[in-house]
Amino acid sequence: MADTGRKTPAAEVREFLSTRRARITPEQAGLPVYGGNRRVAGLRREEVALLAGMSVDYYIRLERGNLTGASDSVLDALAQALQLDEAERTHLYDLARAATPSGRRPTVTASRVRPTILRLLDSMTDVPAYVRNARFDILAANTLGRALYAPVFDSPLFARRGPVNSARFMFLDPASREFWTDWERGADDSVAFLRTETGRAPHDKALTDLIGELTTKSDDFVRRWARHDVKFHRSGVKNLHHPLVGDLALPYEAMDLPADPGLRLNFYTPEPDSREREALGLLASWAGSGTAVPTVHD
């Protein structure tokens with residue numbers, strides 16, 4: 001695996017646009033198809049240009065990675081032609097911002113969890129909760145969160161090296177396939193979240209280092225990274241297998257912390273009177289009482 005995942009901004013744009021173009025058939029775009037000798041399964045460049053209302057030469061310039069000076073109206077037309085969803089549209093704007101000299105400002109990410117957030121975690125005694133950054137470093141967790149994610153916290157990967165990182169666990173620890181019972185979907189989502197973050201924070205060296213490490217060590221990561229999929233991480237259901245309480249299907253919410261750029265509060269909220277609620281109650285009783293403390297130390 002020679003590709004370490006480190007790409008120039010132009011290469012990121014080129015690969016993102018070409019992969020979005022390749023997935024849309026003329027029929028899906030509402031275009032007529034003449035003859036049966038198409039060399040591409042997806043749209044041709046001239047078809048995207050037609051749908052976006054721009055010249056073929058201009059679209060080719062964009063797909064070659066030159067988004068410098070592209071207006072919002074051009075980006076909106078391109079997003080509509082390529083049928084981009086909200087996350088993909090945002091990613092396109094992030095890539096365009098990175099291509100503009102005035103937009104190449106380093107993105108600041110908080111590195112510590114404030115005491116008020118730690119106290120909030122402490123108060124969430126009946127739901128697992130933790131705070132992570134966009135690189136999947138778990139920076140703090142309440143007692144039940146640590147208990148639920150015990151296979152992650154106890155991974156040999158982090159015995160000599162911190163912080164605990166769920167993406168590293170996902171792709172570098174075989175135990176992750178037992179912990180996440182829907183591992184394939186979880187792996188897809190993790191890579192899509194990381195790809196989204198590279199658009200938002202292209203100058204984050206720690207993020208680039210993480211992607212480089214996973215690219216050189218995991219074929220599963222490499223295959224997914226090449227797709228250029230992006231996704232927002234807001235809510236859903238996580239399917240887990242805990243060694244003490246068995247299989248769990250846990251609804252989750254992920255909330256950005258506006259005062260702490262790049263940090264996110266994740267918590268699981270099972271239905272009342274559900275088996276998951278009962279299982280978390282048992283897990284809480286076994287874990288005992290405790291306080292939320294940072295999982296990263298200088």
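Structural remarks
- Where only DSSP H runs of four or more residues are counted, the chain gives -13500 deg cm²/dmol as its mean residue ellipticity at 222 nm, each run worth -39500 (n - 2.57).
- Mean separation of Cα contacts under 8 Å (6+ apart) over length of the chain, as relative contact order %: 21
- Label-to-label distance, nm, for residues given as ARG44 and ILE60 (7 Å Cα→Cβ offset): 1.3
- Placing pseudo-labels 7 Å out from each Cα toward the beta carbon at PHE232 and LEU257 gives an inter-label distance of 2.1 nm.
- Net charge of Cβ neighbours under 11 Å - reference THR116; Lys, Arg +1; Asp, Glu -1: 0
- Under a Gaussian network description of the chain, with springs only between Cα atoms under 10 Å, the residue in LEU31, LEU263, LEU121 that fluctuates furthest is LEU31.
- Note on the stretch 180-296: Kirkwood hydrodynamic radius from all Cα pairs is 16.6 Å, rounded to one decimal.
- Each of LEU75, LEU62, GLY42 was placed along the dipole of the stretch 38-82 (beta-carbon charges, centred on the mean Cα), and the one lying farthest toward the positive end is GLY42.
- Formal net charge of residues neighbouring PHE153 (Cβ-Cβ distance under 12 Å; K, R +1; D, E -1): -1
- Gap separating the Cα centres of the stretch 61-80 and the stretch 156-202, nearest whole Å: 32
- Dipole moment magnitude, nearest 20 debye, the stretch 9-103 about Cα centre, only Lys, Arg, Asp, Glu C-beta charged: 380
- In percent, rounded to a whole number, the relative contact order of the stretch 125-166 is 39, using alpha-carbon pairs under 8 Å and six or more apart.
- Two-decimal ratio, the chain, of alpha-carbon radius of gyration to 2.2 N^0.38 Å: 1.12
- Ordering of 136-147, 45-56 by burial proxy (mean other Cβ atoms within 10 Å per residue, highest first): 136-147, 45-56
- Each of the peptides 125-133, 75-83, 248-256 was scored by the mean count of other Cβ atoms within 10 Å over its residues; in descending order, highest first, they stand as 125-133, 75-83, 248-256.
- Evaluated with a Cβ-only charge set (Lys, Arg +1; Asp, Glu -1), the chain carries a dipole of roughly 980 debye about its Cα centre, given to the nearest 20.
- Contact order for the stretch 139-298, expressed relative to its length and based on alpha carbon pairs under 8 Å spaced 6+ residues apart, stands at 29 percent.
- Using the Cα coordinates of the stretch 9-103, the gyration tensor eigenvalues translate into equivalent-ellipsoid semi-axes of 24, 12, 12 Å, sorted from longest to shortest.
FYI, it's all coordinate maths here, none of it is from the lab. Bear in mind the structure is a predicted one, so any value in this text is a computation, not a measurement. Every residue, glycine among them, receives a Cβ derived from its backbone with ideal geometry; neighbour counts consider all protein chains shown.
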